[in-house]
Each structure stands twice: as C-alpha cells, then as structure tokens.
Amino acid sequence: MLKYLIRYILILAPLLYAFPLYAQDDTTADDPEEVNKPKDILFRQLPHQWRFSLDLSKPLSSALLGNRNGYELMTDYHFRKDLYAVLEGGWGSSRYEYPDLGYRSANAFMRIGFDKNMMQRLSLTDWDMVFAGLRYGMSVIRRGESHYTTTDSLWGQTSGTIGARTFTGHWVELTGGMNVEVVPRIFLGWTIRGRFLLNRSAFEELPPFYIAGYGKGDKNTIFDFNFYLGYALRWNKAKVKEAPAAPEEKASPGK
Amino acid sequence: MTKRGMIQKLLLGMGVCLGFAACDKERDPCLEPKNVSVNLHFYRRAADTGTVFVDTLLPNMVLNPLDNPSVYTTGVRGVSRYSLRLSPLEDSCRWYLQPDSTQPGKRDTLIFRYERRLHFISNACGYTYYYKLNEVKTTGRILADTIHAIDSVVIANRDIEGDASKEHLKIYFHR
C-alpha cells in the first residue's frame, strides 16, 4: 500500500505545486507590503462561502458503460485561510451479468475531509482554487444473490449460487484538482483521487465490481476523477477595521 | 494566473481525465488461469538397491481420464513433470498413465480422492475450485498379474491451489 501511496503522491505533487508557482508570477509578490501582509486580515475580509456541487462525470460514465450508475454530490465550506471542509455523498448500483458470474449490487457512501487551496488569492473576489486534500470514505454495500458457473474443458461445467451479502468499506483518499468560478457563484472543476482501501479482508469474497464513491470493489487502490458543477452561497461579508489600502487592485491585473 | 489561464487548465485537466475514462471497460479481462492442476513429478530409483531417487523421463507418456471420453494427452515425449486436472463435479476421479505409448501393457490407474472448495478468483475470472488431496492410489499393487510401471505414489503437497511451482504428487517408477 505504501508503494501505491508514494506513487500517487509523486503524480499529484508536481501537478498541484506547479499551479501556485505559475499563479504567483501574475501577482505583486515583489511588493514588500503584499508579501508582509498578514493573510488572516484577508481571510476576515472574505464573506462566508458554502458551495454545493453536482458531479457530472458519473452519470456520463454510467451512460457510456451501461452496467452501473452512480450519483455524487459535494459540499464544501471555506472555514479557515485556505482550508475548506468537505462533505461528499452519493449512491449507486451495478448490474453484473455474464455467463460465468452474475449479481446486482447497490450502495450509498459518504466522504469527509478537507481541501487546501494551494494558490494565492489575488483579490477578495477570487475564489478560484487549485487544491490538494484528504478524505475518509465509507460505504455500505449490498450485493444480491450471485450465480456462478465454472467451466473445465475436460470435465464440464458446475454452477451454483452464492448468498447475498452486505459489506462495509472504509478507505482514505488523496485528492487534487481545481475549481474555477466561470460566472459569479457558478463553478466548474475537476478532482482526481487516489483511493486506498483500509479493510481489504472484508472484500475477499465476491466484492461488487463497482462501488459508487469508491470504484472497483476488487481493487485495493483506485484512481478516479470527478467533474463538478457548483453553486456558491455567500453571506455576511465582515467589516474589517484594519483593512489594508486596496491591495487587490494592484494584485490582480489579469483578472 | 488569469481567469483565461485557469479555464485552459480546467479544460486540460478534464481532457486528461476523459482520456483515463476512455480506458475503462465494462469487464476487465481475466489474466489468471481459471483451472488449477495437480503437478506430478516422476522419479525412479538411481540403482537397483538403495534409497536414492532421480528424475526419470517418460519416453512417450499417455495420460488421460479414465471415466471421461475426453483426450488429455496422446503421447508426450521425454517429460519428468506433468500436470492433470481433478474433476470439479465429484470428490474423486481416475486417470490412467502409460509411460510409453508403444507398451500398452504397462498401464497404471491413478485414483484421486479429495475435497473440493469453491474459490473466488476475481470479478473478471469468476469462480474456480481448489482441492485438498486426501488420498491417491495406484492399481500397481492391486493387480499383481499385470505388468505395472508405477512403484508407488507419495503426496508431497495436499493443497491444490493454482501454484504452478509446487510439486503435489511424486510418482515413483520401477527401474
């Protein structure tokens, strides 16, 4: 598992760290006042933001692949500096029908964690983000009765049924991605995820081939992604007594 | 980064993800063997007397199931190791082994008694059977009036679970 963890970190790290470095080229980072400015003043200036997002990728892949469907929702709340608390949830089902193995399954899941924005905020209205994050995920999965057939070219076939079973899956995720406010309050974004199953032993006996929110049930590490369409609620813009003199006008020439 | 730059990166990332998604399949291919085999290893005594045994090459081996019309081998030259499959339909099966196809009189029967255990391989491959060998008998000592090739058999490993490197059954031939 450590091998896979290192692999995902190596893939994610250059992608995510490249964005803020690039972004800083556009800012007034050379301005000593900007550099020395306490970031929490900027944070206090910001309104609260609570965003709700709908995943578009899973309905799309369900339509293309046909034997599964999944729906995912995500909400995040900007609670501190560059940190966003994230809660995700969803449900899905699958139908596995082949001559040698067949069953149906359904599950619901939730994930909880945080994202850290890696990009310097350019203005009070700049909510674009390039982020890295961490999640804990769990799912309750119900696999229906399964029918199987074994084939031996010499001896012939055997067949039988395996009883229905309920699984509980736990996993952790490393996430990375970006969100862009394409029009005010409306976001588009993508998230890539490296998942690591924590209770592998529970999935040794006929795990469902697709678990919504996780991926392939017989894999211990999963790469996955989401495309999100989001809407942000903002309120209570706080008054700041010691606000610096309009740093954002200087800071965002390109926005 | 400008808004335009961000949107470019957004679309680029989506494109990369779609590329990965295009590789997804309804069912993964099965890359593992679906049936497990009993690995046989053939020996003979190194000298007329003594307890040293060496590999022996069967000149033209015929190995087939006895209660099944299917043909497994018709004559395999110069082998000291071979494998056979147990019947997943019952808890026993019989095979006949003839070291040299030109000597039909030297023919032995191997009788296998075992326990079957259903084993899940993967969603891609489905199920198979694993076995636990309880007993292997040969007809060599039973019918004394026939010329037999096999001297004795010894179970080296009872668990038949698809490990191709494991030797399951040692078959000792007369010199």
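The values are calculated or read from the model by the stated rules, or taken from the named source; none is laboratory data. Model, not experiment: these values are computed from the prediction. Note that each Cβ is placed from the backbone with ideal geometry, even for glycine, and that neighbours are counted across all protein chains shown. Side chains included, ligands, DNA and RNA excluded: accessible areas come from the protein's heavy atoms. Shrake-Rupley method; radii C 1.70, N 1.55, O 1.52, S 1.80 Å.
Listing for the model above:
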{"item": "Rel. contact order, % - alpha carbon contacts under 8 angstrom, at least six apart, chain B", "result": "23 percent"}
{"item": "For B:VAL79, distant residues with modelled amide H under 5 Å away", "result": "B:LEU58, B:MET61"}
{"item": "Amide hydrogen neighbours beyond the local backbone of A:LEU56, cut-off 5 Å, H modeled", "result": "A:PHE227, A:TYR228, A:LEU229"}
{"item": "A:HIS78 accessible area, assembled protein chains, probe 1.4 Å, Å²", "result": "10 Å²"}
{"item": "Choice from B:THR128, B:THR49, B:THR102 with maximal GNM fluctuation in chain B (Cα, 10 Å cutoff)", "result": "B:THR49"}
{"item": "Efficiency of FRET between B:THR49 and B:THR139 - r from beta-carbon atoms, R0 30 angstrom, step 0.05", "result": "0.70"}
{"item": "Sites A:ARG80 and B:LEU11 - FRET efficiency at Förster radius 25 Å, r taken between beta-carbons, to 0.05", "result": "0.25"}
{"item": "Residue-averaged 222 nm ellipticity for chain B, from DSSP H runs of 4+ at -39500 (n - 2.57), nearest 500", "result": "-4000 deg cm²/dmol"}
{"item": "Net lengthening on full extension, A:PHE223/A:ALA108 (0.36 nm per residue, minus Cα-Cα)", "result": "39.5 nm"}
{"item": "For q = 0.10, 0.18, 0.21 Å⁻¹, Debye-computed log10 I/I(0) when each Cα of the stretch B:38-173 counts as one equal scatterer", "result": "-0.34, -1.07, -1.39"}
{"item": "Drop in accessible area of at least 50 Å² in the complex versus isolated chain, residues of the stretch B:110-138, 1.4 Å probe", "result": "B:PHE120, B:ASN123, B:TYR127"}
{"item": "Residue-normalised accessible area of the stretch B:38-173, expressed per residue, 1.4 Å probe, Å²", "result": "49 Å²"}
{"item": "C-alpha center-to-center spacing [the stretch B:37-100, the stretch A:86-106] in angstrom", "result": "45 Å"}
{"item": "Separation in nanometres of the label points that stand 7 Å from Cα toward Cβ, at B:LYS166 and A:ASN199", "result": "2.9 nm"}
{"item": "Exposure of A:LEU134 as accessible area (Å², to 10), given a probe of 1.4 Å and all protein chains", "result": "80 Å²"}
{"item": "Accessible area buried, both sides summed, chains A and B with 1.4 Å probe, Å²", "result": "4000 Å²"}
{"item": "Residues of the stretch A:193-229 with amide N under 20 Å of the 7 Å Cα→Cβ point at B:ASP159", "result": "A:200-206"}
{"item": "In sequence order, calculated HN-Hα J values of the stretch B:52-67 (Karplus, 6.51, -1.76, 1.60; Hz; x Gly/Pro)", "result": "8, 10, 10, 4, 10, 9, 7, x, 7, 6, 10, 9, 9, x, 7, 9"}
{"item": "Estimated FRET transfer efficiency when R0 is 35 angstrom, pair A:VAL172-B:LEU31 (beta carbons, to 0.05)", "result": "0.80"}
{"item": "Accessible surface of the stretch B:38-173, 1.4 Å probe, proportion on carbon and sulfur as whole %", "result": "47 percent"}
{"item": "Ratio of the Cα radius of gyration of the stretch B:1-102 to 2.2 N^0.38 Å, where N counts its residues", "result": "2.20"}
{"item": "The stretch A:120-190: GluC sites (Glu not before Pro) in DSSP loop, at most 14 other beta carbons within 10 Å", "result": "A:GLU145"}
{"item": "Rounded accessible area of B:CYS23 (nearest 10 Å², 1.4 Å probe)", "result": "90 Å²"}
